[in-house]
Structure formats: structure tokens, C-alpha cells
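Let me begin by presenting the structure, written as C-alpha cells, before commenting on it.
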Amino acid sequence: MPIGAAVATTPDVILATEVMAEMSGHELLSVFDQIDKIKNCHLVLMTSQPAGQAGEEKLPEGVVVLHKSDHFHEDLGRYFM
């Protein structure tokens with residue numbers, strides 16, 4: 001389970017996709033946002049939905065949303081730079 005792994009390792013960044021097998025990326029990032037040990041971790045949602053259609057308003061404050069586009073790799077690189 002990704003939650004246990006994140007708590008055990010305290011990562012700097014957590015990347016989640018919008019659609020996942022056990023829970024949505026929105027749900028997973030909302031759970032991570034509530035765990036004190038990883039509260040300061042950067043949370044990123046990757047989605048193929050256009051901006052404004054990925055449920056951004058449901059995400060915790062500070063979550064970065066990266067949308068699939070022709071410039072996805074550049075956007076990802078800009079976020080990590």
C-alpha cells in the first residue's frame with residue numbers, strides 16, 4: 001500500500017495519477033495531506049484531463065496538478081527545478 005511506504009520513508013515528493021486501482025489520486029493525496037509525518041511533502045497529481053476538468057477544487061491546498069499535454073515533460077521538469 002502506498003500510504004505505508006510513504007510514512008515509512010518520508011519522501012520529498014509524492015506523484016499520483018488521477019485514476020488508480022484502489023483509490024483515486026484525489027483520495028490518496030487528501031489522505032497524505034492529513035498525515036503529520038509527510039505533511040510537508042510536495043504532492044503532485046498527474047492527469048490527462050484538461051485544466052479545470054480534473055477536479056482541482058477537490059484537492060488539498062498546495063497540490064500541484066500536471067496535465068497531460070505536448071509539453072508534459074517540460075512542465076514536469078519545471079516543477080522539479
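The values are calculated or read from the model by the stated rules, or taken from the named source; none is laboratory data. Not measured: the values here are computed from a predicted model. So basically every Cβ, Gly included, is an ideal-geometry build from the backbone, and we count neighbours across all protein chains shown. Accessible surface areas use protein heavy atoms only, side chains included; no ligands, DNA or RNA. Shrake-Rupley method; radii C 1.70, N 1.55, O 1.52, S 1.80 Å.
Brief remarks on what is shown
- Helices (runs of 4 or more DSSP H) within the chain that include 2 or more residues modelled with pLDDT of 85 or more: 25-34
- One residue alone among Leu28, Leu45, Leu15 is in contact (Cβ under 8 Å) with a residue 12 or more places away in the chain and touching a Gly at 6+ places or on another chain (Cβ under 6 Å), and that residue is Leu45.
- Subset tally (residues that are within 15 Å of Met20 (Cβ to Cβ) and not hydroxyl-bearing (Ser, Thr, Tyr)) for segment 37-57: 7
- Of the criteria (1) under 26 Å from Ala5 (Cα atoms); (2) open to solvent by 40 Å² or more (accessible area, probe 1.4 Å), which one Ser69 fails: (1)
- Extreme residue, nearest to Pro11 (Cα to Cα), among residues of segment 44-76 that are hydroxyl-bearing (Ser, Thr, Tyr) and more than 10 Å from the chain's Cα centre (by Cα): Ser48
- Of all residues making up segment 17-53, the number that are under 14 Å from His67 (Cβ atoms) and open to solvent by less than 50 Å² (accessible area, probe 1.4 Å): 6
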